[in-house]
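Visitor: Have a look at this one.
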Amino acid sequence: MKYLAWFIGILVTLVVIIYVIAFTPFGNGLVGPIVEGKIKEQTKLDSKLTTFKLTMSEIDIFLELNRNNTILVKGNYSPFSQAFNIAYRVRLDNLDSLKKLVGSPLQGKFHTDGQVKGDLKYMEVDGKSDVGQSDTVYHVELTDLNPTSIIAKIKDAKLSSLLYLGAQSQYASADINLDVNFKNIKPGEMDGDIVLKTKNGKINPILMKKDFNVTIPNTSFAMNLDAKLKGDNIDYNYDLSSNLFKILSSGNVVPQPLATDIKYSLNIKELAVLKPIIGTELRGAFKLKGTVKGTKEKLLASGSSDLGESDTKFEAVLKDFTPASVVASVKNLKLNKVLYMVNQPHYTDGIFSMDADISDAKSGSLKGKIVTTITKGLLDSKFLTKQYEFKSPMPRTTFNSTTTTMLNGNTIDTKVDFNSNILNLDIKQARFNMDDSSIKSDYLAKIPNLDKLFFVTGRHMKGAITANGELSKAKDLDLTVHTKVAGGNIDAKLHNDDFSADLKSVGTKGLLHMLIYPEIFQSTLNAKLNYNLAQSKGVFSGQVTDGNFVKNKTFDLIKQYTKFDMYRESFNGDIGANINKENILASLDLRSKQASVKTKDTKINSKTQKIDSDITIQAKKNTITAKIYGDINSPKVKVDLEKLIKSEAGEKIKTEINKFLKKLF
């Protein structure tokens, strides 16, 4: 009995101590500062417990989270039955200062008042709020601290105020009414409905212009949502309409496990209004409608659109929300409409069509075929000439193309047939590897009329040219070019910025004919060019063999007055040039048994089109020197006959040499 008395005494003492600490003014004075410290620690705010009163039946707490943000809790409770009837009042008049507490920026004010009554097994919360300048009332029922029923009415909430509350720009304004009536929100036993109505909606064109550089007309909108929830099913009707867009959707959704059977339609008169949402600037109108049916394991999405005034249809199968297969067709899409829609300049007109059948759309195991065609293609020559600063107008350019793409695992093989009145391009296989983003392709290019490239080259040319080779791009860029020119071959390679070319057995007369130069010299040219694109530096070196000059008045006069026939001479020699950006230092050394034509360190500036050259013609024992300078297209020539002829005949030779040298350069 002695020990029992001691035990009861200790227990009573502990109860008294707990009671004194927890439920008396003296104890509240001890506990209050501790609770306040914990609140400061958790909220990171300068909080104060202005009132802290806790008795066996009453609670009265007034908390200042910080300046102008307060929470009041006051009421009765029973610690034994765990029943309570408590009123609360929340006055947050300085939401800006609560960023650290909520983790996101807030602005403005938020007020709510209400009452919580019941016990821990079942309680009811009734309150009202002015959120978004609305008149809001709500009733929430909780069982075992889990919400089981919610009834709420939000009347005339202001969208602009809600945006401001969330620290968002007020891009739109509207009046919002929301009725939520959930008798039961337990998963699988849902019973209720939601009615949302938005009226008097307007988009702020000033902010749209300021923040997104999007100009839109005055835009009004309204929105309605009517959803009924029963068991696991949600039946809904939704529409959002304005003078610029209209969105409709209706059907049935089962959230868990997901199952859908819905219809949708989208009609946008001006895509620019979507920039704040999608972050991309689009323009023009767009229509889309279709259905979404199935489950998470197999979802079938189908639709049709008038994209670019086309007849576009698609059907996609998704498994676990990942595309499994896609069938799509695009008929008669207008390229100029799509360029306008994606806010691109008017590069071209044309009709685009596509048929795609992708039986496996999973990454790593792609299988399928895509065929695209472009007909009635017409480049905007006027725009391209201005855009790329061509020195002469780009000619009218028409084109069409057919592209066939095969998907196989992580490789994409494409065949291209492109035809235009300037260039024809055929690619048998362009292979793109999705694993390393590498590409390897053959090509065959045909230019039927070189003179149509004058807008690019700045030089008139004659004839046609065909080139073929391979292109590869992985870590390095490599390109090969093979072509036949003037009876010879040109083989070229590009490795990143390093370009090299071999000219083999090229006929100079044919080359001069193609370049529309005076055809004064016939020979065989073998040469090499090494050039770095990044540095714009390179070296050209070549040899000519079996060269003969064609009939010209200069050599006729030399023959007449010196009795030496330059035409009978067979010339061999070297030509070369060092290229440093626009500056070219060239040399020419043609030799025969009894004659020569030489120039060294000829200076040519390709940018200013200037030339400065000294040239020497040796005809047996007779020497003619000349200086050529000025505009390369019409140079000045100063001839010194020296000892050759100082007579009337010499003056005639001088005149013809002048003409000859102009042709030569």
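The values are calculated or read from the model by the stated rules, or taken from the named source; none is laboratory data. These numbers come from a predicted model, not from an experiment. Backbone-built Cβ (ideal geometry, glycine too); neighbour counts: all protein chains shown.
Visitor: Within region 481-498, can you find the residues that are surrounded by fewer than 17 Cβ atoms within 10 Å (Cβ to Cβ) and more than 12 Å from Ala445 (Cβ to Cβ)?
Guide: Lys484, Gly487, Asn489, Asp491, Lys493, His495, Asn496, Asp497, Asp498
Visitor: Right, next: Return the only residue of Asp442, Asp426, Asp349, Asp355 being modelled with pLDDT of 95 or more and touching a helix residue (DSSP H, G or I) at 6+ places or on another chain (Cβ under 7 Å).
Guide: None of the others qualify; the one that does is Asp349.
Visitor: Given Ile39, Ile18, which one is among the aliphatic types (A, V, I, L, M), modelled with pLDDT under 75, closer than 30 Å to Leu101 by Cα and assigned to a helix (DSSP H, G or I)?
Guide: Step by step, each of Ile39, Ile18 is checked, and only Ile39 is among the aliphatic types (A, V, I, L, M), modelled with pLDDT under 75, closer than 30 Å to Leu101 by Cα and assigned to a helix (DSSP H, G or I).
Visitor: Restricting attention to region 137-163, which residues are without any contact (Cβ under 8 Å) to a residue 24 or more places away in the chain and either farther than 19 Å from Asn85 by Cα or touching a Pro at 6+ places or on another chain (Cβ under 9 Å) (or both)?
Guide: Within region 137-163, Val140, Glu141, Lys155, Asp156, Ser160, Leu163 meet the criteria.
Visitor: So, in region 543-576, of the ones that are within 29 Å of Ala492 (Cα to Cα) and surrounded by fewer than 18 Cβ atoms within 10 Å (Cβ to Cβ), which residue ends up nearest to the chain's Cα centre (by Cα)?
Guide: It comes out as Gly576.
Visitor: Is it the case that region 232-244 has a residue that's modelled with pLDDT of 90 or more, under 36 Å from the mean Cα position of the chain (by Cα) and among the aliphatic types (A, V, I, L, M)?
Guide: Among the residues of region 232-244, at least one is modelled with pLDDT of 90 or more, under 36 Å from the mean Cα position of the chain (by Cα) and among the aliphatic types (A, V, I, L, M), which makes the answer yes.
Visitor: Looking only at region 267-279, which residues are closer than 14 Å to Met341 by Cβ and surrounded by 16 or more Cβ atoms within 10 Å (Cβ to Cβ)?
Guide: Within region 267-279, Ile268, Lys269, Glu270, Leu271, Ala272, Val273, Leu274, Lys275 qualify.
Visitor: Being of a type in the set (A, V, I, L, M, F, W, C) and in a strand (DSSP E or B) is the filter; apply it to region 466-485 and report the residue that is modelled with the lowest pLDDT.
Guide: Top of the filtered list is Val485.
Visitor: Would a scan of region 190-211 turn up a residue that is part of a helix (DSSP H, G or I), farther than 28 Å from Gly127 by Cα and touching a strand residue (DSSP E or B) at 6+ places or on another chain (Cβ under 8 Å)?
Guide: There is at least one residue in region 190-211 that is part of a helix (DSSP H, G or I), farther than 28 Å from Gly127 by Cα and touching a strand residue (DSSP E or B) at 6+ places or on another chain (Cβ under 8 Å).
Visitor: Mind telling me which of the residues Val506, Val539 ends up being under 25 Å from Leu450 (Cα atoms) and in a strand (DSSP E or B)?
Guide: Val506
For every residue, the table says whether it meets (1) surrounded by fewer than 15 Cβ atoms within 10 Å (Cβ to Cβ); (2) without any contact (Cβ under 8 Å) to a residue 60 or more places away in the chain; (3) out of contact with any helix residue (DSSP H, G or I) (no Cβ under 8 Å at 6 or more places or on another chain); (4) under 17 Å from Leu163 (Cα atoms).
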{"position": "Asn181", "(1), (2), (3), (4)": "no, yes, yes, no"}
{"position": "Ile185", "(1), (2), (3), (4)": "no, yes, yes, no"}
{"position": "Thr198", "(1), (2), (3), (4)": "no, yes, no, yes"}
{"position": "Pro205", "(1), (2), (3), (4)": "no, yes, yes, yes"}
{"position": "Asp211", "(1), (2), (3), (4)": "yes, no, no, yes"}
{"position": "Ile216", "(1), (2), (3), (4)": "no, yes, no, no"}
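Residue-wise test of (1) in contact with a His (Cβ under 7 Å, 6 or more places away or on another chain); (2) outside any strand (DSSP E or B); (3) of a type in the set (A, V, I, L, M, F, W, C); (4) assigned by TED's automatic domain parsing to the domain that holds Gly409.
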| site | (1), (2), (3), (4) |
| --- | --- |
| Asp239 | no, no, no, no |
| Ser250 | no, no, no, no |
| Asp261 | no, no, no, no |
| Ser265 | no, no, no, no |
| Gly284 | no, yes, no, no |
| Gly294 | no, no, no, no |
| Leu300 | no, no, yes, no |
| Leu318 | no, no, yes, no |
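Visitor: Against the definition (in contact with a Leu (Cβ under 8 Å, 6 or more places away or on another chain) and either more than 17 Å from Lys452 (Cα to Cα) or of a type in the set (A, V, I, L, M) (or both)), how does Gly364 come out, yes or no?
Guide: no
Visitor: From the residues in region 299-351 that are in contact (Cβ under 8 Å) with a residue 24 or more places away in the chain and among the charged types (D, E, K, R), which one is surrounded by the fewest Cβ atoms within 10 Å (Cβ to Cβ)?
Guide: Asp320
Visitor: I would also like to ask the following. Could you please give the count of residues in region 407-465 that are assigned to a loop (DSSP other than H, G, I, E, B) and either more than 30 Å from Ser359 (Cα to Cα) or not hydrophobic (A, V, I, L, M, F, W, C) (or both)?
Guide: 16
Visitor: Among the aliphatic types (A, V, I, L, M), under 25 Å from Ile412 (Cα atoms), buried (at least 17 other Cβ atoms within 10 Å of the Cβ) and in contact with a His (Cβ under 7 Å, 6 or more places away or on another chain): does that describe Ala445?
Guide: Judged against the criteria, Ala445 is not a match.
Visitor: Let me ask another. Checking the conditions here, which among Gln107, Gln115 is out of contact with any Gly (no Cβ under 6 Å at 6 or more places or on another chain) and at pLDDT 85 or above?
Guide: Criteria check complete, one pass: Gln115.
Visitor: Right, here's the next one. Go through region 157-188 residue by residue and tally those that are in a strand (DSSP E or B) and within 24 Å of Ala227 (Cβ to Cβ).
Guide: Of the residues in region 157-188, 14 are in a strand (DSSP E or B) and within 24 Å of Ala227 (Cβ to Cβ).
Visitor: Moving on to the next point. Would it be correct to say that Val330 is farther than 30 Å from His460 by Cβ, assigned by TED's automatic domain parsing to the domain that holds Ser437 and touching a helix residue (DSSP H, G or I) at 6+ places or on another chain (Cβ under 8 Å)?
Guide: yes
Visitor: While we're looking at this one, here's another question. Residues of region 358-391 being in contact with a helix residue (DSSP H, G or I) (Cβ under 8 Å, 6 or more places away or on another chain) and not charged (D, E, K, R), which ones?
Guide: Ile374, Gly377, Thr385, Phe390
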